[in-house]
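Step one of this worksheet: look at the structure below.
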Amino acid sequence: MPDIRVLIVEDHPITCKGIRDVLETATGISVVGEAHTGAEALKKIEELRPRVVLLDMRLPDMSGVEIIKKAYTMGSTARILGLSSYNDREFISELLTYGASGYLLKDEVPEEIIQAIRGVADGEVGWVSRKVAAMLSQILVKDQEGSTDLTARELKELNLVVDG
């Protein structure tokens with residue numbers, strides 16, 4: 001089976017290098033490129049045709065959600081894993097609503113990132129970090145108690161993520 005082709009989209013050089021170093025040690029994963037802006041990411045998604053895009057949610061020229069929308073409009077079949085230091089429910093909800101396969105926090109252990117890349121490359125969806133999963137669980141509990149401030153669409157997306 002060929003290696004999983006991964007594009008890293010991250011605007012901080014040291015973070016990008018750290019992710020690349022981690023992924024290059026993983027069997028069956030090949031980093032095919034890096035992008036540091038949204039425009040560069042879209043260009044490389046089209047040129048390199050990665051199987052998985054590890055996407056920072058905040059770039060200098062556009063948000064991760066904008067990149068996802070444009071990538072899928074271009075016809076990309078890449079699986080997108082959001083990567084952020086923010087565990088804000090709006091980021092997560094928007095990202096998953098527009099077709100991302102998962103959402104990881106930047107403080108994940110390397111093995112979790114590798115496992116998520118392999119999972120989404122195989123077609124799995126709903127990959128979230130443990131901290132994000134805990135936050136989503138709290139939101140569901142509040143919903144069951146009738147005290148959530150989520151929209152109906154956000155609740156539907158959240159239930160889909162929880163169901164895997």
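So here's what we get for this one:
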read-out: Subset of the range 77-88 [among the small types (Gly, Ala, Ser) and modelled with pLDDT under 95]; value: Gly82, Ser84, Ser85
read-out: Only listed residue being within 24 Å of Gly126 (Cβ to Cβ) and surrounded by fewer than 18 Cβ atoms within 10 Å (Cβ to Cβ), chosen from Val22, Val52; value: Val22
read-out: Subset tally (residues that are closer than 18 Å to Gly18 by Cα and among the acidic types (Asp, Glu)) for the range 111-126; value: 2
read-out: Number of the condition not met by His12 [criteria: (1) over 15 Å from the mean Cα position of the chain (by Cα); (2) within 20 Å of Ser129 (Cβ to Cβ); (3) open to solvent by less than 10 Å² (accessible area, probe 1.4 Å); (4) of a type outside the set (Ser, Thr, Tyr)]; value: (3)
read-out: Residue that is nearest to the chain's Cα centre (by Cα) [pool: residues in the range 74-87 that are closer than 24 Å to Ala39 by Cβ and open to solvent by 10 Å² or more (accessible area, probe 1.4 Å)]; value: Arg79
read-out: Residue within the range 29-48 that is in contact (Cβ under 8 Å) with a residue 40 or more places away in the chain, in contact with a helix residue (DSSP H, G or I) (Cβ under 7 Å, 6 or more places away or on another chain), open to solvent by less than 70 Å² (accessible area, probe 1.4 Å) and under 21 Å from Trp127 (Cβ atoms) present; value: yes
read-out: Residue tally, condition open to solvent by less than 50 Å² (accessible area, probe 1.4 Å) and either without any contact (Cβ under 8 Å) to a residue 12 or more places away in the chain or hydrophobic (A, V, I, L, M, F, W, C) (or both), over the range 89-116; value: 10
read-out: Enumeration of residues in the range 59-73 that are touching a residue at least 40 places away in the same chain (Cβ under 8 Å) and surrounded by fewer than 23 Cβ atoms within 10 Å (Cβ to Cβ); value: Leu59, Pro60
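The values are calculated or read from the model by the stated rules, or taken from the named source; none is laboratory data. This one's a predicted model, so the numbers in the text were calculated from it and none came from an experiment. Glycine gets a Cβ as well: all are built from the backbone with ideal geometry, and neighbour counts include every protein chain shown. SASA here: full protein model, heavy atoms, side chains in, ligands and nucleic acids out. Shrake-Rupley method; radii C 1.70, N 1.55, O 1.52, S 1.80 Å.
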